[in-house]
Structure formats: structure tokens, C-alpha cells
Amino acid sequence: MPINYYLFLAIALFSIGVVGVLTRRNAIIIFMCIELMLNAVNLLLVAFSKMHYNQAAAAAIPIANPGIDGQLFVFFIMVVAAAEVSVGLAIIVMLYRNIHSVDINFLNRLKH
Amino acid sequence: MVVLLLLLIPLIGACFLFLYKGDHRFVAAAALRLSIVSLLVMGASLFYWNTPEMLSFTAPWLTTLGSSLSLRMDGLGTILSLLTTTAYFILFWYLKGRTIERPAAFFAWLLLAQVGMLGVFLAMDSLLFYFFWELALIPMYFLASQWGGARRIPVTFKFFIYTFLGSVFMLIGILYLQSKTADHSFAIESIRRIRLTNEQQSWLFWLFFIAFAIKLPVFPFHTWQPDTYEESPTPVTSILSAVMVKMGILGLLRWLLPLFPIASYMWGDVVMSLAVAGIVYASFLAMQQVDLKRLIAYSSIAHIGLIAAGAFALNQMAYQGLLIQLFTHGINILGMWVLADIIERKTGTRSLDSLGGIAQHSPTLTIFFVIIALANIALPLTNAFVGEFLLFNGILATPSNYYWVFAVVGGLGIIFAAVYTLRMIRAIFYGQPSATSPAPISLATHEVGALVVIVGLILFFGIYPQPLIDMTAAFSKELFDQTDITSLFRKS
Amino acid sequence: MSISAILFWVLSVAALFSALMVVTSRNPIHSVIWLIVTFFAISGHYILLNAQFLAVVNIIVYAGAIMVLFLFVIMLMNLNKESEPARHRWLQLAGGVSGGALLLVLVAALKDTELKSQQSLLLEGHTGLIKTLGQELFSTYVIPFELSSILFLSAMVGAVLIGKKD
Amino acid sequence: MQSSFQLAFLIPLLPLIGFLINGLGRNWLSKQWSGLIGAGTILGSFLISLFIFQAVKAGQGEVISYFDFIRMEGLRIPFAFQIDALSSLFLLIITGIGFLIHVYSISYMHEESSTSFARYFSYLNLFVFSMLLLVLGSNYVVLFIGWEGVGLCSYLLIGFWIKNQQYTKAANKAFIMNRIGDLAFLLAIFWLIIKTGSASFQEVFDFIQANQGTSKFSVTDITIVTLLLFIGATGKSAQLPLYTWLPDAMAGPTPVSALIHAATMVTAGIYMIARSNIIYSLAPLTLSIISWIGLATAFLAATIALRQYDIKKVLAYSTVSQLGFMFLALGSGAYIAAVFHVLTHAFFKALLFLGSGSVIHAMGGEQDIRKMGGLSGKLKITYATFLIGCLAIAGLPPLSGFFSKDAILLSAFLHQPLQYGIALFTAFLTAFYMFRLLFLTFHGSFRGTPEQQAHLHESPALMTIPLVILAILSVAGGWIGIPAVLLQDADWLGNFLAPVLGSTTHEVSHATEWLLMSLSVGGVLLTIGFAWFLFRHYRATESRGILRFFENKWYVDQLYDRVIVQPIFYLGRILKEWVEPRIIDALVNGVGKTVQLAGRQIRFLQSGQIGSYVLLMVMAMVVVLLVQFFIRK
């Protein structure tokens, strides 16, 4: 499969995530859409990693583990995402406790 | 060196007074002494320390930006510094023994304004010029907004925003010019060496002109001025109109005309039209004013209109007259403000309707007022006559097709000036004494002293104006050489 | 069409469809379920791309841990009903249009890239194996790895602190 | 330099010193001292003027430069005096008559407090100083300094009684009207300086004579300059259209009126044009304009004077009318005749004003001639001198007015017979209104209050002696310019002034001259008789028709008020009430308001809603990407 297909797939997933963020009011769903966007990026990274591997293999360039950086990046993104989700959900829980809603329309405190 | 001294004396004085917490009476006396020292230094620079080395000073300042602390006293700087130090001396003498709220801060701000204005007059580096330009504005804002009248807050806000807006345009122009210089310097010599196309000159001209036009103010940028003059405490008003508006004229003479002579010629008709229209317009409004301070404010706009028109007459006679007028207008208008202040303080009103008949019981005040008012309308043998004479002469020699229109319309100002000035004298001094001034107005010694100095200057330079002409002859020649349209067009 | 191509298309369609369902479901619970489906599809892509370890981690961490966390939160807060009021119509439209515009712009911008000829789908290579990754992780990337542990620790502390009743 | 010329600087300096002493010492000086200083300084100036006059008569004039008033590149204006026949003659008139008026004032103003007495004399001295500066100046700038100084002093003296706002209003009017003329004068000076590079009379005249008609100084330039100078003169010398200030200037003390009308101020315009005669001779168009305006003024003022009841107003309009005669002479190119008339007019007009002052003094301040009558019995000296004045102004031989008026009429006849006709008629009008005044004031029965009648007395010697001297001068003053037709080689004045003003030789037969003279004398005699018939016994009559029109001064004041003053006032009102706050300031504030409003609108974007922020962010991203990938390519 050409790398372009992965590119377009990732863009499509990312855009769906964006649309979700823009159209929904439930903080948790917005949060999930952000996860979706992260995963779209992850997928693209893995695809490029594979691409680099193939290039190196085809050109017989003697590098140890070509394209491995991309996969490690994905790994780190997952780590960070996990941490982010834990804190983010904690914040949402706290918000819910305070205003009894997860509707972001009520979260206009930035105005003041 | 002496130029640095001129700046340092009031600066040190201001710093000292800001920190001073002691006796109130001491403050005014100290300020007066300081102004005397300034005046003496100025006098010394005229007569003894007048070598080029003494009259200039250069030190590294913002070297990475291409700016340096470059001060020099040329003819223009001399006459304006002389005006500044003289005006401060007269004003401080007049203010001696006056009870002012928080006097230390009041005098400190005034002195800081003096630093700013002297800096503007002496700076030979455009960034430094801009720096002092803004520095002079800030004390005026605080003085007007803290010691002013009832509507002081909106009025000073408008004043500040208006003038500040103008100077921002100027900053853009300065930065553009700096980027064009060969050595990326703000120095005036480097800027002079730039070869600007006519179009570049044209829009740079407007960037600078707006700043100066607001400061002057030239019609129709004048609306901040009557309000500000009215609402500021009168000593501050006197500094504003006697010295501060000269910053705008200096801007025209040192920065605008020599740097953009072609554009000054191209837009000369427009600017002259605005200026002479402003003379008539302000005169009309002055005729209608009931408030003494507003009347003087509008008359000042009319005078400034004449000066601005003279600046764009682009010939040596007008320049010469203008340079004299810088000094004489400052002294005369200062006298008018001092008198307005006396009248307001002693009668409790500024309204021409409720004043009247003061001449009956206070002839001394009347004599001072009449002399200074007549100087204000440039009667011969008062100091303003020679300046206005040369100015009008120059305006009639403007290199424009409409020279006679400018001269005649501007000349109407002479008539209107007589109308509103005589109306003012008549309303305040003649007739039966009104309820506001039943008793004679007594003048303290220092008040009489200040007025005598003003009247003395008026008469001396009215009869023998040659010192003022000599002081500025070289500058006007140089300016004319830089802006001589016929030679410029021959070159290009 | 090779088997891998068939798999690619199936997984792609599944991922896109489930992602759309995530966004459009009224019920948060359904959204979570559909997101899990999306993650599974993405994991399938990882396997196709010879990233076996990431595929496993993705399922464990995302589909397993994170989504369960989401589920817990939703259930704890009793948000599992379709309580969410719809957003203002114009805002919704604006959001959709903006997202669509983003998609269009990105696709249009990248459609002519020179990477077209590169084939990525080959069932060979050992980059994605746990051994290779582990060696790399503990040699070249050891400091980021350790730093990420500190991040985790601080995230834990933060989550506890925020979640605590005060 | 002749030794007496070295004293020339003292001539204006003495009155200036007098001004300073009286002005600064007004609180300490007694009335005697103030009067002594005031009159003494003028006497000193008069004596020096006499010396100088003798010296000028003997030899040529001279320019004495004291210091440079303005010296810059391309322009040098020295503070210099020019002493020649013209200026020395004017010096004598000013100081001589000025001295008499000073002496008269000591008595006339004796009721004032000593402070305002000293103030009065200081102003008077300043007035004389300015006028002396005016005639002594060797260039237009010094002349202008004196010119403006005269205007200032007239302002101060007209408004001398500052309590009365009517008077101060008249003072303002005088100053402002003068300023209008001054503007034109200034423009003329500027034009001369630009074109010739100098303001000195000699240099300017030499330049113009050398370059007239060339591009350096074209015919247009000459016309413009002469016209502008003339407009300046109309302001100062009260000609159409700027004459209305002079009758109002009666608000001042009567001796001041005498000073303004006789010796100083109004003659300045004549002097200036006579001084510039070399330029004017090159401008025939301007000359004819001057002659017509002078004639029109003479006629208009004479008709107004027919129906005035204020003794001083009649005299004021007669001054305007006589000045018109002088301008007619100037316009006809008869400069000497004009100056001659200035001289004789100075004598008899000073006499008439001082005489009227004596009458007013006797009447306790009453100025309305309807309330006088029959004063000849009580005020014998005043009556006699006043009669001489009237005869002189009417132009009966051998009194002074006859010779000068005859010279003017002759020149008008030669120049333009139509003008001669009108001028002659105006001369009859002059005789008519003057004798109307005389008869109403001194003949018939007394019409005032009994108190006034009891108070009637002849004025003290200090007032009558000047009257007598002036009466003698009014009689004999004309004998220095007797035309050749009456006495061969008696035109001493013409010979004296010829170096400055050029000699005038008439190409006219003696028979014509005799005819003209007898015509005017006969007409005047008839007119006087007519006046005697009408006004010997006064009856109050309502003015009707054209007379009403004359009584209301042709409604010129009302016209000016409607056409100039009111529009300016309303325009000012409109500017103040509308244009300034609602257009200009509104524009400025509008810019500020717009910024505020825009800020308020933009603030809605800062809703605090995360959703909208994100939306904007995405939009921005789209835009950035669009720019990045599609636009920049």
C-alpha cells in the first residue's frame, strides 16, 4: 500500500477528532476525541517508520534498526497520553463535583 | 559639556524633589534657585562657553541599536533653550510663595518636563529625540491629571492619547529611516545622507508631520488643546503653551523640512492652507469665547498657525522670523497665562461676562495686561513685531502659486487678533467694576517682578531685536540651504 | 488484491466508521465502546506495519487501561444517558465545516507528495519486535524513558491531589 | 551732517521721556507738574524742529541712521530718520499744534484726578511721539512703527474714560478699522521688500525708477503696491470705506479730537502717499481711484454733516470731508496742494475743535447744538476765533483755507472737470454746514437749561490763548502758498517742497484761474447767506426724505453691521457651537469611540467558551495551512 493511503487515513481520523472536539459539549467525549487525534498521529508515525525501514532495506543501507525512532516516539506518546488522561479525568471529576456538569459551555470562567 | 549640564541641573533637581519630604516653603525656593542656575548656565553658554566642544556632547547610549547620546546646541537649540530656561525662571519666580498641593511633586514634575523639553531641543539623534519627546509628555500628563480642574481626567486622557498617537507615527518613520541609513544609525548626520525618492519622502513626511501637527497643534488637530489648557493648572498651561508647543516647531525645523525638502514643497500648499485656515478658524473661535483661558488657548492656536505657515514658506526671511517668533511667542504667551492666573486667583472667575472694571482700581495690573496683550497682537516696538513682520514677509514670498492667498488670509489674523484681544481687554478691565472685583487687586513683589521681566523682554527685543536675529542667522541660512527649492530642483 | 491490501481496506473502513460513531453517538457509553473499536482497528494496522509490540501496547494501554478509566468516570458520574443538549446549530455547522476544511486542505496539500511510490505493506522486518525496541529504549532513549517515569509519578500525584475531596 | 540735525533724535525722544515720566510717576506727580512736563517736552521738540526747519530751508535734507532695527542676509532695515522739506514741515505742524493742544488740555482736563491727568498727558505725549516717528522714519518700517503707535494712542485716548463702555467700544472700533488698513499697508511693505530688497524710501524709489516696467518691477507691481498703500491710508485717514471710526472717535476728550483731526493721525495717510509720490506718479490708475474715492468721501461726509446735531460730530464729518479733498488733490497729482491743505486744515480744524471744546466746557459737557444758541454774547473770544475758523474752512480770502482749497480745486479742474464740479459743490456744502453750526451754536436764543445758562462763562486764558494763536495762524497760514496769479513769486511753500514732491507748473491761463476763484468765493458767500437765512433762528424740524438719510449717516454703520460684523459674529457662533464640537472634535472623538466600539465587539470573541476558542484555532490553522501551501506558491 502506498504511504499516501496511510497519510490520508490518518488525516481523516484526525479531522474526525477535530470535528468531535468542535461539535460536542460533553467534556469527556471531547477528551476522547483528543485521544482519537493522538492515535491518528501514532498511526502515521508507525507508517513512516515502516517506510523508512523499507527504504533502508531496498537501498541496502547498513543502519541498525532503521525507522525504529518512529515506533519509540509512538511509545512515548502513549506514555504521555496515559499520564494526561489520568490528570485530565481527575480534573473532569473535580469539575463535575463543583458544577455538576461536564458541559463545557458552563466552563466560561476564562472570561473573567 | 554645557548642554549636558543644562539637562542635568533640572534632572537632579527633579530627583531630589521627588525624594524630598520636608518643608513646603523650601520647595518653591529651591526650584527658583535651580531655575536661576539653569538660566546662568544658559547665559554662560551664550557668552563664555560657546566653543563647539562646549556646546556639544556625545556618549555611547544604545550602541547596539545604532543610537548614541548625542546633544548639540545649534541656533535653534540655543534660542529654544534660552526660552525654556527663561520661561522656567519667570514662572518659578511668579510661583514663589504660592501654596500648591504637594509642592515637591509638582515642581519635580515640572523640572522633569524641562529635562524632556531641553532634550528634545538639543538631541541630534532621532531615537534620543523620540525618547525625550515622550519623556516630556509624561510629566505633563501627571501635572494636568493631578492638579487640574474638574474635567481633568477625560481631558488629559484625550491629550495623552492624541499626542501619543501622533508620536507613534513618528516612531515608525524614525525606524524606517534608521533601516535606510548606511551605518544603521539613528544619528541625524547619517539620516541626512540617505537619498530618498520623492515618494518615500512623501509618506515619511506625513508620518512625521502628523506627530508635529498634533503637538503644535495645527488645525484640525487642535481639539485637545483648548480643553487641556483650560483644565490644567495655569502654571502647567503656561509651560505647555510657552515651551512645549515649540517641540512641534522644532520638529518641523530640524527633522521635517531638512530631511524631506521635496515633500515639504510638494505638500506645502496643503499644509499652508491648513495653517492659514487654522489662523482664521481659531480667531473666530477666540472671538466667541467667554472663558479667559479658552480665549488665550484659541489665540495661541492662531499664532501657531502663523508659525506653521511660516515654516512651509521655505525661504530665509520666514525662517528668520519664525526663529525669533519662537522666543517671543513663548515669552508673550507666558505673560498672558501669568496674567490670566492672577486674574482668576484674585477674582475667582475666568468668565469675561462676570469680570469688568478692573482698570478702575488696579491700574498696574491693567498696564501689564495691556502691554502683554498688545505684544501678543504684534504691535510694533513689542518683541513679536519683528518676528511676525519677517514671517509674513516670508509667507508672501512662498514658492507657491497661492502665495498671496496665504498672505492675505493669514493677514486677516492680524485684524481678528486685534478684535478678540481688544474685546478681552474691554470686558475685563473697562467699564464699572463688577461684583467679582470690588476691591483693588494687589500684586506681590515677586509677581510684579515676574511681570516686569516679561515686559522688559517684550520692550527690549521690540526695540532692538538684533541679538535674536544674530543668534539664529546661521541656522536660518543653513536651513534655507537645505530646503532651497530652486537649487534642489536644479540638482535633481 | 493481496490479503494485506484487503486487510488494510477492511481495517481502514472499520477505523473510520467507528471513529465517526464516536463523534456522533449521543450516549457517552457508546462513544467509549466505539473508540475501543477504533483502537482495535488501529492496532490491526500496527500489526500490518510490522509493529507488533506497539499493537499489543496499544490494546493494553489504550483499549484496556485508558478506556476503562473513561468508562469508570462516566459510570461514576452517571453520565450514561443521552443527557447532552445539542450544541447551537450554527456552532455545530461551523465546527463541521472547519473540520472538513482542515481535512480538505491537508489532503489537497499532501496529495501530490513524492512518497507515492513507497510501499509500506510488507510482512517482513524486525523493527517492531520487542527485543529490538527494548534494546533501543534502554540504550539510546534511556533518559527520556526515566523522565517519563517521573512524568507518570507526577501525573499520579496530580491526579490524586485533584481528585481528592477538599 | 549739519549740527542741528544731530539733535533730531531729541524730537521724538522728548515726548517719549515725557510719556515715561508722566506714565510711571502718575501717582506722585501733581497736576501742575504733569501738565508742565507734558507740554514742556513738546515745546522742546517744537524748538528743535524750528532749528531743523531753518537748516532744511538753507540746505538739503539728510538721512540719519541710528542703529539697525533688522539686519539679516538680504535685508537691512535701519532705524533711521529722514529730514527733508516734507518731514520738517510736518514736524512743525505736529509739535506746534501739539504744543498748543497740550497747553489747552492743562486747563480743559483740570477736573480729572491727578492720576488720570498724568495718564492723559502721558498718552498725549506718546501720541505725539508716535506721530513724530511716523514722519521722521526714513523707511516704510519705521513709518509703520509710528503708524501703529498712532493707532494705539488713538485707541487709548478715545477710550480714555474707561468707565463708559460706549467709549471703549468706539476705541475698539477705531483700532480695528485702522488694523484693516494696516494689513494692506503691511502687504505693500512686504511686496516692496520682496521686489526691491529694501524698505528705505530712497532705495525703493531709486529701484523703481530704474526698473519700472521691467520684469523686476512691472506695472502690475506698481499698481498693486500703490493700491495697497492707499488702502492703508484710507484706514488711517478715514476715507471710504474705512471712515466710520473717525466720527465715533469723538468719544475721547475734545483736545484729543483736535490732536487726532488736526495735527496727527489722520494726516498720516496723506503724508505717506505724499512721501511715496514717486511711485504714485507712475500709477495713473491708482491716482484716479484715489481721486474718486477722495471726492466720494468728501461729498458723503459733507452731506452727513448737514444734519448732525452733535457739535463734535459735525466737525468730525467735516474732517472726513476735508481729508477727502486732500486725497482728491493727491489723486490729481497735486501733492503740494494736498500738503498745503494739511497745513491750513491743521490750523483751522484745531481751532474749531478747541473752540468747540471751549463751548462744551462752558455748557458743562453738553454737546447737542439744539440745546445751545446765542453763546456769542458770553463767549466772545471763543466766538470770534470760531468764526475765523469757519471762514477759513469755508474758503474765503484771504484766510488760509481759501488758498489751499483753491489749489486743490484748480488741480481737480485740470485733472478732470467733472471732479471739479462735484468738489466745488462739496465746498459749498462745507460752507453751509459750518455756518449752520456757527449760527446754531452762537446765534439765536439760548435753548439749554437755566443752570447751564447760569454756568456759561468764557474759558480761562490757558484755553483762549491757544485759540487766539490758532486763529492768527488760520488767517495767515495760507499766505505762504499764494498762487502766482495773485502775487508773483509768493508760492514759497511750493518752492520749499519741490525737491521732495516735485514742482507743479500749471498750464492754465490767468483768466481761467480768476474765473474759478470768483466762482468758488461767490458760491461760498451765497451759501453762507442761505445758511444765515435758514439757521439764524433755530426751529426744530423733523428730517424727511433725503435729509433723514443724511441724518442717519447714509446707514453706513448699519450696513457694515449687517454685512460684516453680524455675519462674522454668527459665523463665529456657528463655528463654536457646531463645527468645533460636532464636526472636528466629534471626528477626533469618533476615532476613539470607534476603537472602543470595535473593542467591545471583539470582546464577544473572548467569550471564555473553550469551544469557540478551539473553533477559532482550527480556523486559524486552516488559514495558515492555506497560506502555507497554496497562496505562497
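The peptide list B:460-472, D:578-590, put in order of mean Cβ contacts within 10 Å with the highest first, becomes B:460-472, D:578-590. When the Cα positions of C:Leu147, C:Leu69, D:Ala258 are compared along the charge dipole of the protein assembly as shown, C:Leu69 comes out farthest toward the positive end, with charges on each C-beta of Lys, Arg, Asp and Glu.
Here the extension length gained between B:Ala444 and B:Ser351 equals 31.1 nm, from 0.36 nm per residue of separation less the Cα-Cα distance. Here's the list of lysines a cross-link from C:Lys111 could span, going by alpha-carbon distance under 28 Å and ignoring same-chain residues fewer than 8 apart: A:Lys50, D:Lys633.
Cα centroid separation, segment C:1-30 to segment D:507-550: 126 Å.
Based only on Cα atoms, what Rg/Rh ratio does chain B have, Rh being taken as Kirkwood's radius?
Using Cα coordinates only, the ratio equals 0.95.
Using only Cα coordinates, the Kirkwood hydrodynamic radius of segment D:283-537 works out to 18.4 Å. Taking amide H atoms as placed 1.01 Å from N in the peptide plane, the amide H of D:Phe69 lies under 5 Å from those of D:Ile77, D:Phe79, each 5 or more residues away in sequence or on another chain. Each listed q (0.14, 0.17 Å⁻¹) maps to a log10 I(q)/I(0) for segment B:267-492, found by the Debye formula over equal Cα scatterers with no solvent: -0.85, -1.13. In plain terms, the residue of D:Ile465, D:Ile369, B:Ile343, D:Ile546 with the fewest other Cβ atoms within 10 Å comes first and the most crowded comes last, giving D:Ile546, D:Ile465, B:Ile343, D:Ile369.
Kirkwood hydrodynamic radius computed over segment B:144-206 comes to 14.0 Å, based on all pairs of distinct alpha carbons. Take each residue of peptide D:518-525, count the partner chain Cβ atoms within 10 Å of its Cβ, and average: the result is 0.
Over segment C:1-80, the fraction of Cα-Cα pairs per 5 Å bin, rounded to whole percents and listed from the shortest bin up, is 3, 17, 21, 22, 17, 10, 6, 3, 1, 0.
Spacing of the modelled spin labels on C:Leu93 and B:Ala182, each 7 Å from Cα toward Cβ, amounts to 6.4 nm. Computed over the Cα atoms of segment D:504-633, the ratio of the radius of gyration to the Kirkwood radius (Rg/Rh) comes to 1.66. Using only the Cα atoms of chain C, build the gyration tensor, take square roots of its eigenvalues as a ≥ b ≥ c, and label the shape rounded, prolate or oblate: rounded if a/c is under 1.5, else prolate if a/b is larger than b/c, else oblate. Oblate shape, in that a/c is at least 1.5 and b/c is the bigger or equal ratio. The mean count of C-beta atoms from other chains within 10 Å of the C-beta of residues in D:615-627, rounded to a whole number, is 5.
What is the protein assembly as shown by shape, rounded, prolate or oblate, if you read a ≥ b ≥ c off the alpha carbon gyration tensor as root eigenvalues and call it rounded for a/c under 1.5, prolate for a/b larger than b/c, and oblate otherwise?
The shape class here is prolate.
Taking amide H atoms as placed 1.01 Å from N in the peptide plane, the amide H of D:Glu62 lies under 5 Å from those of D:Ile83, D:Asp84, each 5 or more residues away in sequence or on another chain.
Sorting D:Leu156, D:Leu571, C:Leu54, D:Leu315 by the number of Cβ atoms found within 10 Å of their own Cβ, with the fewest placed first, yields D:Leu571, D:Leu156, D:Leu315, C:Leu54. With Cα atoms as the point set, chain D shows a radius of gyration and Dmax of 30.6, 117 Å. In chain D, taking the dipole from charged Cβ atoms about the Cα centre, the farthest positive-side position among D:Ile279, D:Ala620, D:Gly146 is held by D:Ala620. The Cα center of segment D:309-331 and the Cα center of segment B:159-238 differ in position by 57 Å. When B:Thr99, C:Thr113 are arranged by Cβ crowding within 10 Å, least crowded first, meaning fewest neighbours, the order is B:Thr99, C:Thr113.
Placing +1 on the Cβ of every Lys and Arg and -1 on the Cβ of every Asp and Glu, with no other charges, gives chain D a dipole of roughly 2020 debye about its Cα centre. How high is the FRET efficiency from C:Leu16 to B:Glu199, r the C-beta distance, R0 51 Å, rounded to 0.05? E(calc), rounded to 0.05, equals 0.35.
Shown for segment D:305-394 is the translational diffusion coefficient from the Stokes-Einstein equation, using the Kirkwood radius over Cα pairs, a temperature of 10 °C and a viscosity of 1.306 mPa s: 114 µm²/s. Neighbours of B:Gln325, meaning other residues whose beta-carbon lies under 15 angstrom from its beta-carbon, give a summed charge of 0 when Lys and Arg score +1 and Asp and Glu score -1. Every pair of different Cα atoms in chain A enters the Kirkwood calculation, which places the hydrodynamic radius at 16.3 Å. Stretching D:Leu387 away from D:Arg603 to a fully extended chain increases their span by 68.6 nm, per 0.36 nm per residue minus the current alpha-carbon distance. Between D:Leu525 and B:Leu65, the distance separating the two model label sites (each 7 Å from Cα on the Cα→Cβ line) works out to 9.7 nm.
The mean number of partner chain beta-carbon atoms within 10 angstrom of a residue's beta-carbon across peptide A:44-56 is 6. Classify segment B:45-115 from the C-alpha gyration tensor, please: rounded if a/c falls under 1.5, else prolate or oblate depending on whether a/b exceeds b/c. Oblate shape, in that a/c is at least 1.5 and b/c is the bigger or equal ratio.
Each helix, a run of at least 4 DSSP H residues, gives -39500 (n - 2.57); summed and divided by the residues of the protein assembly as shown, these come to -23500 deg cm²/dmol at 222 nm. Counting only whole DSSP H helices of chain C, the ones at least 27 Å long by C-alpha along their axis and with mean Kyte-Doolittle hydropathy no lower than -1.0 are C:3-24, C:28-48, C:89-110, C:142-163.
Just so you know, all these numbers are worked out from the coordinates, no wet-lab data involved. In this text, all values refer to a predicted model and were calculated from it rather than measured experimentally. For neighbour counting, all protein chains shown are included, and Cβ atoms are generated from backbone atoms with ideal geometry for every residue, glycine included.
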